[in-house]
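The values are calculated or read from the model by the stated rules, or taken from the named source; none is laboratory data. Remember, it's a predicted structure, so these values are computed and weren't measured experimentally. Here the Cβ positions follow ideal geometry from the backbone for every residue, glycine too, while neighbour counts run over all protein chains shown. Areas reflect the complete protein model, heavy atoms only, side chains present, ligands, DNA and RNA absent. Shrake-Rupley method; radii C 1.70, N 1.55, O 1.52, S 1.80 Å.
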Amino acid sequence: MRLRTRGRGCGGKLHDIGKIGVPDAILQKTGKLTDEEFEIMKEHPLAGFNILSGLKMLTDELVIVRSHHERYDGKGYPDRKKGDELPMFAWIVSAADAIDAMTSDRPYRKGMSLQIAVDQVRTGAGTHFHPDVAEAVLDAVANGTLKVSSQTSMYENAPTIGAFENPTA
């Protein structure tokens, strides 16, 4: 059996295109987002979906763009989808995005080590992450096929804080 991955790969690359509509003041903020700012940030999956929905050739990509902040337990956004309401490839991109976010420096905090991010995935299996995807992540780390690529930080003076909290100053 062969999996069709061409479009899904593009979906991963396009997943945050909706952030083009989020003000730079929010994207680059070094302190905690206000509730209002966080609500604006949470609009980016739907904004991205709307930007790309006119391109009729995109199907799987639209699912990824719209759903990459959904949670397995249905507490994500924008549609509060859960479990089998999304295809597996959407849960894979969601986990990849979360791992990238956790291990990358942000203006408001330093990136964490892969091991700490993997511990977050382990803890979030079945709630934040699809349990099968979480298991695959853990296996990939254990056998050495999942690694963090080193990058030059744009935010060298960022503080270190937890992974899933709204950032604090």
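Listing for the model above:
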read-out: Residue match in region 94-105 (condition: in contact with a Lys or Arg (Cβ under 9 Å, 6 or more places away or on another chain) and closer than 21 Å to Val121 by Cα); value: yes
read-out: Conditions (1) open to solvent by 70 Å² or more (accessible area, probe 1.4 Å); (2) more than 23 Å from Leu114 (Cβ to Cβ); (3) at pLDDT 95 or above; number of the one not met by Met57; value: (3)
read-out: Contacts under 9 angstrom Cβ, first residue in region 131-149 being in contact (Cβ under 8 Å) with a residue 24 or more places away in the chain and within 15 Å of Met112 (Cβ to Cβ), partner assigned to a helix (DSSP H, G or I) and of a type in the set (Ser, Thr, Tyr), 6 or more apart; value: Val148/Thr103
read-out: Filter result (of a type outside the set (A, V, I, L, M), open to solvent by less than 20 Å² (accessible area, probe 1.4 Å) and either under 14 Å from the mean Cα position of the chain (by Cα) or under 25 Å from Ser149 (Cα atoms) (or both)) within region 82-96; value: Trp91, Ser94
read-out: Filter pass, Met112 being closer than 21 Å to Lys13 by Cβ, of a type outside the set (Ser, Thr, Tyr), surrounded by 14 or more Cβ atoms within 10 Å (Cβ to Cβ) and at pLDDT 90 or above; value: no
read-out: Pairs, first free of Cβ contacts under 8 Å to residues at least 40 places away in the same chain in region 49-67, second open to solvent by less than 50 Å² (accessible area, probe 1.4 Å) and acidic (Asp, Glu), C-beta under 7 Å, six or more apart; value: Leu52/Glu61
read-out: Residue check for Lys32: of a type in the set (Lys, Arg), closer than 25 Å to Phe129 by Cβ and under 17 Å from the mean Cα position of the chain (by Cα); value: no
read-out: Filter result (surrounded by 16 or more Cβ atoms within 10 Å (Cβ to Cβ), farther than 17 Å from Ile17 by Cα and not basic (Lys, Arg)) within region 29-54; value: Leu33, Glu37
read-out: From Asp105, Asp100, Asp79, residue being acidic (Asp, Glu) and either open to solvent by less than 50 Å² (accessible area, probe 1.4 Å) or touching a Leu at 6+ places or on another chain (Cβ under 8 Å) (or both); value: Asp105
